[in-house]
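Peer 1: Supplied in structure tokens, the structure appears directly below.
What follows draws every value from the coordinates through simple rules; no lab data is involved. As the structure is a computational prediction, the values presented were derived from the model and not from experiment. Counting neighbours? That spans all protein chains shown, and the Cβs are built from the backbone with ideal geometry, glycine included.
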Amino acid sequence: MRDYSGHWLAKHIDRRTFLLAAGAAIASARVSSADESGETSLRQRAEKKGLVFGTQVNAGPLFSLKPYQDAVLRDAAMIVPENEMKWRPTQPTARQANYFNAERIAKFAEDNTLLLRGHTAVWHQNPPAWTKDIISGDDGEKLVLKHARELIEHFRGRVMEWDVVNEAIAPEDGMPDNLRNWAPYNKGGIDFIADCFYAARQADPKAKLYYNDYSVYYQSQGLRRDAILVFLEKLKSKGAPIDGFGIQSHLIANAEFDEAIYRRFLSEVADLGLKIRATELDVSDVRLEPDIQIRDTIVAAHTKQYLDVLFDEPAVVGLVTWGMTDRFSWLHEGWPRRDRLRQRCLPLDDNFARKPMWYAIADALDHAPSR
Ligand code: 9MR
């Protein structure tokens, strides 16, 4: 094992992170020496605590690469399609919807008794090209609502939980209520977002309805935390049928994480009567040096530190990782490392072997208070 008192680490991580990292390294070394096949799955560890462990899946590899499918089935009790339910792939032309891949994933969930999350009905980033002029015109809100209704209705009774609206808050855009500068939000404001939730409730009365957003974890993200809290409060006060807040959890190893601030934020969300799910957990290692062992150790330590705080909040119902394996992470393209090395951001490595991050999730689940 590497000497962790080394010069690079001393310079790059604070004492607390160092101690956590060293602890995680020892824990993972201990666990990984056990018989791998005898390992209790993340799914079982979560179930024991009344939590749900899930992961995002992509239809391409899911239906063509057996070891990937096996890895998903080994650990996940819930799946969410990475892109297959988004507007662009499901309605490439105005005339006809194409649910082929979304259906395959829904059927896979049913065949394997997995819970299915729906992602996502309303998102500024993913409307198909043909909607562009309509969305910025007078009928924009109507079109977005129609899409949300049709999508959710199509999967009625099969999706346990929908990300009805995704990423609507962008304080940096300088718009009223900190809403993102997107035509339907500019015109309809929070009332329009409330309408999206009403439409979703009508389309599938049994599905849980979530608002999903990112960047609320770190010390520097106070503006977004405050904006989202005020937004959720307004949405609730308008009577919008919202059940939960999805915290994406795209983490960054070595970013400054203040446990007390995050605990307070989670409890403030819970005070609004909302459930909380971490919906897209991964840990970017872009800020870390190339050494794989060091990256894995710090990524695992950060995962554990984050999840310990998360699971302490009784309103938290579970955790979904944004992929099971480094092999298919969006981060390689979405946020490449400067040295072009592949990121080590998910529980399993490129060849589906468990990494320290897997053991960190296992450990956090084992220590989570029971629901
Ligand atoms: O991982 C997804 C990537 O494959 C897509 O190209 C991208 C655009 O549709 O979306 C990625 O997933 C995003 C998710 O839908 C919403 N939160 C941020 C995720 C990472 O960008």
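Peer 1: Quick check on my link table: of LYS48/LYS234; LYS107/LYS236; LYS48/LYS238; LYS238/LYS304; LYS49/LYS355, which ones sit more than 31 Å apart, alpha carbon to alpha carbon?
Peer 2: Numbers: LYS48/LYS234 35 Å; LYS107/LYS236 33 Å; LYS48/LYS238 37 Å; LYS238/LYS304 37 Å; LYS49/LYS355 23 Å.
Check vs 31 Å cut-off fails for LYS48/LYS234; LYS107/LYS236; LYS48/LYS238; LYS238/LYS304.
Peer 1: Answer with one residue from ASN83, GLY273, LEU307: the one whose Cα lies farthest towards the positive end of the charge dipole of the chain, charges on Cβ with Lys, Arg +1 and Asp, Glu -1.
Peer 2: Highest projection toward the positive end goes to ASN83.
Peer 1: Any idea what angle helix 15-32 forms with the longest principal axis of the chain, computed on alpha-carbon atoms, 0 to 90 degrees, nearest 10?
Peer 2: The answer is roughly 80 degrees.
Peer 1: Taking square-rooted eigenvalues a ≥ b ≥ c of the alpha carbon gyration tensor, is segment 278-330 rounded, prolate or oblate, where a/c under 1.5 means rounded and, failing that, a/b exceeding b/c means prolate?
Peer 2: Details: a/c = 3.16, a/b = 1.57, b/c = 2.01.
Because a/c hits 1.5 or more and a/b fails to exceed b/c, segment 278-330 counts as oblate.
Peer 1: Quick one: GLU256, GLU313, fewest Cβ neighbours within 10 Å first, how do they rank?
Peer 2: Working: GLU256 13, GLU313 16.
Listing GLU256, GLU313 from fewest to most nearby Cβ atoms yields GLU256, GLU313.
Peer 1: Can you tell me, using C-alpha contacts under 8 Å and at least 6 residues apart, the relative contact order of the chain as a whole percent? Could you put the intermediate results ahead of the total?
Peer 2: Numbers: 668 pairs, mean separation 64.5, N = 371.
This gives 17 percent for the chain.
Peer 1: Moving on. What net charge is computed for the residues neighbouring LEU288, neighbours being all others with C-beta under 9 Å from the C-beta of LEU288, Lys and Arg scored +1, Asp and Glu -1?
Peer 2: Numbers: positive: ARG287, ARG295, ARG337, ARG344; negative: ASP285, GLU289, ASP291.
In short, +1.
Peer 1: Mean separation of Cα pairs under 8 Å and 6+ residues apart, divided by the residue count of segment 216-371: what relative contact order is that in percent? Don't skip to the answer; put the middle values down first.
Peer 2: Values: 242 pairs, mean separation 36.1, N = 156.
Relative contact order comes out at 23 percent.
Peer 1: Another question, if that's okay. Can you figure out the FRET efficiency of ASP70 with LYS48, using R₀ = 22 Å and their beta-carbon distance, to the nearest 0.05?
Peer 2: Numbers: r = 22 Å, r/R0 = 1.01.
The computed FRET efficiency comes out at 0.50.
Peer 1: Tell me, what HN-Hα J-couplings in whole Hz come from the Karplus equation 6.51 cos²θ - 1.76 cosθ + 1.60 at θ = phi - 60° for each residue of segment 113-125, using x for Gly and Pro?
Peer 2: 6, 9, 6, 10, 9, x, 9, 9, 7, 10, 8, 4, 8
Peer 1: Something else now. If you place +1 on the Cβ of every Lys and Arg, -1 on the Cβ of every Asp and Glu, and leave all else neutral, what size is the dipole of segment 151-265 about its Cα centre, to the nearest 20 Debye? Walk me through the numbers before you get to the answer.
Peer 2: On the way: 14 positive and 17 negative charges, 80 e Å.
Dipole size: approximately 380 debye.
Peer 1: Testing the spin-label approximation: label points 7 Å from Cα along Cα→Cβ at ASN181 and ASP258. State their distance in nm.
Peer 2: Label at ASN181, label at ASP258, 2.9 nm between them.
Peer 1: OK, next. Work out, step by step, the length gained on full extension between LEU223 and ASP133: first 0.36 nm times the residue separation, then minus their alpha carbon distance; give nm to one decimal.
Peer 2: Values: separation 90, 0.36 × 90 = 32.40 nm, distance 3.19 nm.
That pair, LEU223 and ASP133, stretches by 29.2 nm at full extension.
Peer 1: Between segment 261-275 and segment 293-371, how far is it from one alpha carbon centroid to the other, in angstrom?
Peer 2: Centre-to-centre (Cα) distance: 22 Å.
Peer 1: By how many nm would the segment from GLU268 to LYS234 lengthen if fully extended, with 0.36 nm per residue of separation less the alpha-carbon distance?
Peer 2: That pair, GLU268 and LYS234, stretches by 10.9 nm at full extension.
Peer 1: For every other residue with a beta carbon closer than 14 angstrom to the beta carbon of ARG342, add +1 if it is Lys or Arg and -1 if Asp or Glu, then tell me the sum.
Peer 2: Working: positive: ARG295, ARG327, ARG337, ARG338, ARG340, ARG344, LYS355; negative: ASP282, ASP285, ASP291, ASP296, ASP326, GLU333, ASP339, ASP349, ASP350.
Taking every other residue near ARG342 into account, the sum is -2.
Peer 1: Rounded to the nearest 10 degrees, what's the angle between the helix 66-75 long axis and the longest principal axis of the chain, both from Cα atoms, 0 to 90?
Peer 2: In the chain, helix 66-75 runs at an angle near 90 degrees to the longest axis.
Peer 1: Follow-up question, since we're still on this one. Would you kindly derive the ³J(HN,Hα) couplings of segment 318-326 from the backbone phi angles with the Karplus curve 6.51 cos²θ - 1.76 cosθ + 1.60 (θ = phi - 60°), listing them in order in whole Hz, with x for Gly and Pro?
Peer 2: Whole-Hz 3J(HN,Hα) from phi for segment 318-326: x, 9, 10, 8, 8, x, 9, 10, 3.
Peer 1: Just going by the charge dipole of the chain, with Lys and Arg at +1 and Asp and Glu at -1 on Cβ, which of PRO184, GLN44, GLY323 is farthest out on the positive end?
Peer 2: So the residue furthest toward the plus end is GLN44.
Peer 1: Note down the magnitude of the dipole of the chain about its Cα centre, charges +1 on Lys and Arg C-beta and -1 on Asp and Glu C-beta and zero elsewhere, to the nearest 20 debye. Numbers along the way, then the final one.
Peer 2: Numbers: 49 positive and 53 negative charges, 69 e Å.
Computed charge dipole of the chain: roughly 340 debye.
Peer 1: Still on this structure, please answer the following. If you take the charge dipole of segment 164-248 about its Cα centre, with +1 on Lys and Arg Cβ and -1 on Asp and Glu Cβ, which of GLY222, GLN202, ALA170 is farthest toward its positive end?
Peer 2: Among GLY222, GLN202, ALA170, the one farthest towards the positive end of the dipole of segment 164-248 is GLN202.
Peer 1: Out of residues 5 or more away from THR321 or on other chains, whose amide H comes under 5 Å of its own, with H placed 1.01 Å from N in the peptide plane?
Peer 2: So THR321 has HN proximity to GLY54, THR55, GLN56, LEU281.
Peer 1: Using a 10 Å cut-off on Cβ atoms, rank the peptides 145-157, 80-92 from the highest mean neighbour count down.
Peer 2: On the way: 145-157: 17.8, 80-92: 21.0.
Descending packing order for the listed peptides: 80-92, 145-157.
Peer 1: In which sequence would TRP123, TRP322, TRP130, TRP162 go, from the one with the fewest C-beta neighbours within 10 Å to the one with the most?
Peer 2: Arranged by neighbour count, lowest to highest, TRP123, TRP322, TRP130, TRP162 become TRP130, TRP123, TRP322, TRP162.
Peer 1: Further question on the same structure: Starting from the amide H of ILE252, placed 1.01 Å from N in the peptide plane, find each other amide H under 5 Å away whose residue is 5 or more places distant or on another chain.
Peer 2: Residues meeting the criterion, in which the H sits 1.01 Å from N, are SER284.
Peer 1: If I histogram all Cα-Cα distances within the chain using bins 20 Å wide from 0, what percent of pairs lands in each bin?
Peer 2: That works out to 29, 59, 12, 0, in percent per bin.
Peer 1: Just to confirm the number: angle between the C-alpha axis of helix 140-154 and the first principal axis of the chain, 0 to 90 degrees, nearest 10?
Peer 2: 70
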